[in-house]
Amino acid sequence: MSGFTQTSLRSKLELMTTIETLRAKLPFPLKRLADLAYNYWWSWTNDRISLFRNIDPEQWHQLKHNPVAVLESTSYVRLTQLANDPVYIKRVKALAQEFDNYMAQTDTWASKVAPQISKSNPIAYFCAEFGIHESLPIYSGGLGILAGDHLKSASDLGVPLVGVGLLYRQGYFHQQLNRYGWQEENYDNNLFEQMALEPVKNEQGEPITIELEIRQRIVKAQIWLVRVGRVNLYLLDTDRHDNDPVDRWLTGHLYGGNQDTRIAQEVLLGIGGVRALQAVGINPSVCHMNEGHAAFCTLEIAREEIKRTGKSFYDVEASVRDRCVFTTHTPVPAGHDVFSSDLMDSYFAHYWPSLGLSREQFLALGARRLGDPWEPFGMTVLALRMCRAANGVSKLHGEVSRKMWNILYPERPEDKVPIGYITNGVHAPTWTAPLMADLYSEYLGDDWATNVADPQTWAKVDDIPDQEIWWRHQVLKERLIAHTRSKVKTARANRGEEQHRIDAADQLLDPNVLTIGFARRFSPYKRGDLLLRDAERALRIFGNAERPVQIIFAGKAHPHDEEGKRIIQRLMEWCKHQSIFSRVALIENYDIYTGQKLVQGVDVWLNNPRRPLEASGTSGEKVCFNGGINCSVLDGWWCEGYQAGADGKGINGWAIGEDAHTSDQELQDRIDSESLYQLLEEEIVPLYYDQDANGIPHRWIQMMKTSIKTNAPLFNTDRMVADYVTQMYAPGCSAGAKPILASVIA
Ligand SMILES: *Cc1c(COP(=O)(O)O)cnc(C)c1O
């Protein structure tokens with residue numbers, strides 16, 4: 001239990017910084033900073049960080065860009081200084097005004113297109129992780145970032161929606177690479193009392209809690225609120241003094257522990273999540289399960305209805321299904337959560353009687369095949385069975401999912417399996433660098449971000465003068481290089497490298513060199529070391545004296561993924577190679593902040609997964625908003641984004657390996673790496689270095705603009721959330737989803 005908070009809940013709440021205590025502390029002209037700090041809306045305004053960073057840039061950095069912590073720790077002297085600065089006060093006032101206008105806006109997209117989704121019966125969006133900002137580290141990667149972007153766009157579009165998730169005391173691990181390039185995992189305590197979180201309280205001012213039975217014990221969970229623009233995110237936390245010490249750790253880590261922790265967390269998210277909504281007085285019209293982790297929520301919705309109406313499970317099944325929709329994210333069977341029947345027994349033996357079901361009937365809800373006693377309980381199966389609509393996250397992933405789950409619908413041909421697709425996007429204001437956003441405001445119109453899904457908005461990209469977009473892009477690249485040097489330098493010092501290696505970090509990378517970015521989870525299927533397959537050839541490309549190339553890597557490997565860790569180790573080894581040591585860098589501990597710097601600063605974004613294992617991918621979409629160009633396997637979203645000209649060459653990016661596809665992995669790796677080298681040698685490098693006397697690569701810039709113009713209107717979360725509203729949330733859009741294996745063992 002080391003590092004575990006011993007403070008009782010009471011004192012924890014007393015220590016809490018709240019909007020009220022913060023506001024009370026701030027000098028009069030700065031009071032509105034408290035409202036801004038407690039709503040993550042600030043993180044996607046174009047002012048972004050500068051208002052908070054200006055308070056104290058050093059503290060801002062130290063405290064991980066957490067405005068609540070920065071304001072809390074700022075001295076009274078500094079605060080009164082700012083309160084006497086007329087320019088600063090004007091900026092606070094202007095941003096507060098913008099915030100008030102945003103929050104009060106009623107003429108939203110959703111109010112016109114989906115007025116039937118009301119504030120009193122909103123959509124409830126369930127997810128095991130939310131990636132909203134680096135100061136709220138309760139995410140691990142793509143799924144969480146997508147969930148965060150979903151909430152932000154729902155807020156922008158005025159969709160009545162609330163998020164439901166878990167608040168992890170230690171979140172996901174902190175990555176540190178040792179002297180041998182081997183990944184080590186550390187965990188830090190999140191200091192909830194200094195984060196933009198509020199305990200949800202009842203009218204008497206007492207914290208609202210819910211109870212549920214887990215592992216034969218009653219567990220209490222506290223409900224926290226995070227404000228994300230107009231959207232409320234409710235998070236459950238079991239770290240309470242009145243829980244058993246083991247249960248306090250239920251929300252200790254994201255994706256930590258074994259199957260037992262996993263099922264306990266999923267019970268808390270699904271069943272606890274439904275109870276939490278009820279406890280705070282929200283009666284959702286639709287529950288959206290983002291991935292199968294939350295699928296137990298369907299059972300709890302059924303249980304409530306059975307209790308209320310006295311009907312049987314099979315009588316309420318249809319009405320539960322009417323209120324539930326599901327998004328699947330995993331294109332491989334092994335990636336879907338399943339639990340053994342032993343585990344199910346120990347967690348649900350007390351529960352199935354309340355559904356009026358026998359053990360066999362209950363376990364059948366999660367079984368792929370009926371009548372097989374060894375069949376484990378599948379969360380995706382449960383979700384597909386209990387939801388009226390389901391979707392994959394790209395066109396290709398939709399196809400793959402229909403094929404994979406055809407087994408549940410034996411009477412249907414593959415193309416009639418009721419799983420559609422909505423391709424993932426990214427929240428443009430979050431991922432577009434302020435410097436680029438400013439350019440778009442000038443040339444596309446001030447309202448470009450509100451019209452982000454309209455191709456007309458982006459058609460005007462052609463009006464931007466080449467030198468205008470180029471200097472901004474170069475400045476962003478310099479910013480990325482500065483960030484990389486500083487991170488690498490600290491990391492080298494931390495792992496005790498020799499002084500000359502630490503100093504060499506100051507010379508790492510060069511803004512005039514073609515810069516590639518590669519950042520994602522280091523999972524073997526993502527082939528982080530594909531570029532090294534022919535090490536000699538790679539050295540020739542990167543170490544070329546006239547036309548060099550450089551690359552920045554980032555990403556974590558799952559703690560149990562030895563193979564993934566070995567890939568990181570190989571890359572770390574490569575970084576030291578004599579002829580390219582200033583051309584290759586790996587940034588530790590990939591997070592949203594490093595992610596932003598990378599996608600905003602690179603020339604080329606590389607992605608080379610084994611097809612079709614990348615369900616969608618979103619980092620390449622972020623790059624498009626900043627003028628970076630994708631070079632990727634035709635998988636996930638890029639299948640839909642990539643466009644070739646009459647000569648078969650890409651006009652808005654590059655396709656690795658074209659459509660070639662074989663099940664022989666070795667052969668596939670060879671084809672794809674060969675294609676990648678060839679693209680670099682024959683197309684990418686020559687195009688980049690074809691520059692005029694002022695160093696401006698006009699043909700390259702043409703491709704940047706085509707990439708922005710063709711991809712930006714499609715791969716954003718405004719388009720995506722609008723698709724969810726019209727295709728999944730709105731009543732009556734059941735996407736042909738009839739009950740599967742209907743009425744199971746009635
Ligand atoms: C965008 C993002 C991801 C997801 O990117 P993929 O392309 O899906 O791998 C993961 N981590 C961070 C920090 C991100 O910003």
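So here's what we get for this one:
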read-out	value
Separation in nanometres of the label points that stand 7 Å from Cα toward Cβ, at R308 and Y525	3.9
Length-normalised contact order of the chain in % [C-alpha pairs under 8 Å, at least 6 apart]	13
Sorted peptide list for 547-554, 684-691, criterion being average Cβ within 10 angstrom, highest first	547-554, 684-691
Farthest toward positive dipole pole in the chain [+1 Lys/Arg, -1 Asp/Glu at C-beta], among W574, Q204, L15	Q204
Spatially proximal aspartates and glutamates relative to K477 (Cα-Cα < 12 Å; intrachain offsets below 8 disregarded)	D510, D603
Reachable aspartates and glutamates from K565, criterion Cα separation under 13 angstrom, eight or more residues apart if same chain	E184, E185, D529, E573, E588
Peptides 188-194, 560-566 ordered by average Cβ neighbours within 10 Å, highest first	188-194, 560-566
Translational diffusion coefficient (Stokes-Einstein; Kirkwood radius from C-alpha pairs) of the chain at 20 °C, 1.002 mPa s, in µm²/s	80
Global form of region 125-242, assessed from the alpha-carbon gyration tensor, a/c cut-off 1.5	oblate
Positive dipole terminus of region 340-477, leading residue within A459, T423, L343 (C-beta point charges)	L343
Coil-residue trypsin sites (Lys or Arg not before Pro) of region 276-373, DSSP, other Cβ within 10 Å capped at 16	K311, R369
Compactness of region 424-539 - radius of gyration and Dmax, Cα, Å	18.9, 55
Burial order of peptide ranges 500-508, 264-272, 484-492 (average beta-carbon count within 10 Å, highest first)	264-272, 484-492, 500-508
Stretch gain in nm, segment N494-Q702, where the contour uses 0.36 nm per residue and the Cα spacing is subtracted	70.6 nm
Helical contribution to [θ] at 222 nm, DSSP H n ≥ 4, -39,500 (n - 2.57), averaged over the chain, rounded to 500	-11500 deg cm²/dmol
Gain in span if fully extended, K93 to E411, counting 0.36 nm per residue against the direct Cα distance	108.2 nm
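Readers should treat all values here as calculations from the given coordinates under stated rules, not as data from a laboratory. Bear in mind that the values here come from a model prediction, so they are computed numbers and not experimental data. Every residue, glycine as well, gets a Cβ built from its backbone with ideal geometry; the counts of neighbours run over all protein chains shown.
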